[in-house]
Amino acid sequence: MAPAFIITVDTEGDNVWARSCATTTRNAVWLPGFQELAQRHGFRPTWLVNWEMAHDEACVDFLRDVLARNAGEVGLHLHAWDTPPLEAVTADDNQNHPFLGEYSEPLQSAKLDRLARVLEDTFQRPLRSHRAGRWALNGATVRWLREHDFAADCSVCPGVDWRSTLGDPAGAGGPDYRPAPHEPYYLDESDVNKVAAQSSAKALLEVPMTISLPRSNITSLVVEAFSKRHHWLRPNGHNGVAMRQRVDEAVDHGRAHLMFMIHSSELMPGGSPTFRTEVSVEKMNEDLAALFAHARSRGCPGHTLGEFALDWRLAAVHAV
């Protein structure tokens, strides 16, 4: 069977990379166009929503319509530095963007509680899917997600070492995901790169990003390791062909899933450092249309993240 094609959108404010004190949400008006593009090819996105977008009227109205039509899913995406309760851990959290794990564990839980409550009250749906802000998943978050009946996380970036990417300038940087599996696995909260010793009713499925699928040729692996080249299933303005190659690799190697991601602000000209102009966004949309059409032509079924996790658990039960 062809791999499931999962579209995830980190639904957040405009050009967060600029680290402005005042976050705007103008990109909300570009969301329906992406939804329509995905639907045209039979896919239903998972919109992973952060604090400011949960309070944007246009975004909320759009997502309520998506949910009413069962055309997608809403999940949780937390930026620790601007999600209440606010308590600084650096000289300037808006500038430094600390990782959630750099706050005290009670404050981590309080931030997750607050955003989850807003999302569930706004959309009147239980949350099942999560991606950590800045890809920084930790054991405390895994415990919180399990306690709150989340089904899936999609923060792990196999092969990627984020330790040189800092939050707190005095901190140790982001997580090292180099040992992480490429296939879905139930998370061990003591080490998010490890498969849990046993699954339970509250086990949390990790559905990793699709990045540089492993090669069978040892020389190629060595070259890739030293070059530090990672080929993500996400647009960067010049990787349309490469993204379609990720699909072919997954199909040819019998992978279980393909995890595509994009930031909502990348859908808007000037909303990110990568897509600054209308021309660049138009080219990206052409690349995405070709990618989605190619995934459909290779037989990849569309799933939201929560649906994939449910199907994975049901398949495991039936296999016993």
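Things worth noting here:
- Subset of segment 164-181 that is buried (at least 21 other Cβ atoms within 10 Å of the Cβ) and not hydrophobic (A, V, I, L, M, F, W, C) - its residue that is nearest to Ile211 (Cα to Cα): Tyr177
- Set Glu266, Glu249, Glu286, Glu282: member being charged (D, E, K, R), closer than 17 Å to Ile7 by Cα and over 18 Å from the mean Cα position of the chain (by Cα): Glu286
- Contact map, segment 71-96: residues that are in contact (Cβ under 8 Å) with a residue 12 or more places away in the chain and part of a loop (DSSP other than H, G, I, E, B) paired with residues that are surrounded by 12 or more Cβ atoms within 10 Å (Cβ to Cβ) and small (Gly, Ala, Ser), Cβ distance under 7 Å, separation 6+ or inter-chain. Pairs shown: His79/Gly133; Pro85/Ala110.
- The listed residue being closer than 28 Å to Ala152 by Cα, modelled with pLDDT of 95 or more and assigned to a loop (DSSP other than H, G, I, E, B), out of Arg276, Arg255, Arg244: Arg255
- Scanning segment 234-246 for residues that are free of Cβ contacts under 8 Å to residues at least 40 places away in the same chain and within 14 Å of the chain's Cα centre (by Cα) gives a single hit, Arg234.
- Tally of residues being more than 16 Å from the chain's Cα centre (by Cα), closer than 23 Å to Gly75 by Cα and in contact (Cβ under 8 Å) with a residue 12 or more places away in the chain across segment 196-213: 3
- Checking Arg134, Arg125 one by one, the residue that is in a loop (DSSP other than H, G, I, E, B) and of a type outside the set (Gly, Ala, Ser) is Arg125 and no other.
- Segment 204-218 - residue that is modelled with pLDDT under 95, of a type outside the set (Ser, Thr, Tyr) and part of a loop (DSSP other than H, G, I, E, B) and, of those, surrounded by the most Cβ atoms within 10 Å (Cβ to Cβ): Leu213
Residues are listed down the side, and each one gets a yes or a no for (1) buried (at least 19 other Cβ atoms within 10 Å of the Cβ); (2) out of contact with any His (no Cβ under 6 Å at 6 or more places or on another chain):
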residue	(1), (2)
Ile7	yes, yes
Thr23	yes, yes
Gln39	no, yes
Met53	yes, yes
Asp65	no, yes
Arg69	no, yes
Leu76	yes, no
Ala80	yes, yes
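- Scanning segment 26-64 for residues that are not acidic (Asp, Glu) and not in a helix (DSSP H, G or I) yields His41, Gly42, Phe43, Arg44, Pro45, Thr46, Trp47, Leu48, Val49, Asn50, His55.
- Residues of segment 7-25 satisfying the condition of being in contact with a Pro (Cβ under 9 Å, 6 or more places away or on another chain) and outside any loop (DSSP other than H, G, I, E, B): Ile7, Thr8, Val9, Trp17, Ala18
- The residue pairs whose first member lies in segment 6-33 and is under 17 Å from Arg44 (Cβ atoms) and in contact (Cβ under 8 Å) with a residue 60 or more places away in the chain, whose second member is part of a loop (DSSP other than H, G, I, E, B) and among the polar types (S, T, N, Q), and whose beta carbons are closer than 7 Å, counting only pairs six or more residues apart or on different chains, are Thr11/Asn50.
- Residue pairs whose Cβ atoms lie under 6 Å apart, separated by 6 or more positions or on different chains, with the first residue in segment 251-273 and surrounded by fewer than 24 Cβ atoms within 10 Å (Cβ to Cβ) and the second acidic (Asp, Glu) and modelled with pLDDT under 95, do not occur.
- Where a residue in segment 42-68 is at positive phi and its partner, wherever it lies, is surrounded by 19 or more Cβ atoms within 10 Å (Cβ to Cβ) and at pLDDT 95 or above, with Cβ under 7 Å and at least six apart: Gly42/Gly302
- Pair list, Cβ < 6 Å and 6+ apart or interchain, from segment 176-187 residues that are at negative phi to residues that are among the charged types (D, E, K, R): Asp176/Asp161; Asp176/Arg163; Arg178/Asp161; Tyr185/Glu206; Leu187/Glu206
The values are calculated or read from the model by the stated rules, or taken from the named source; none is laboratory data. No experiment lies behind these values; they were computed from the predicted model shown. All Cβ positions, glycine included, derive from the backbone under ideal geometry; neighbour counts span all protein chains shown.
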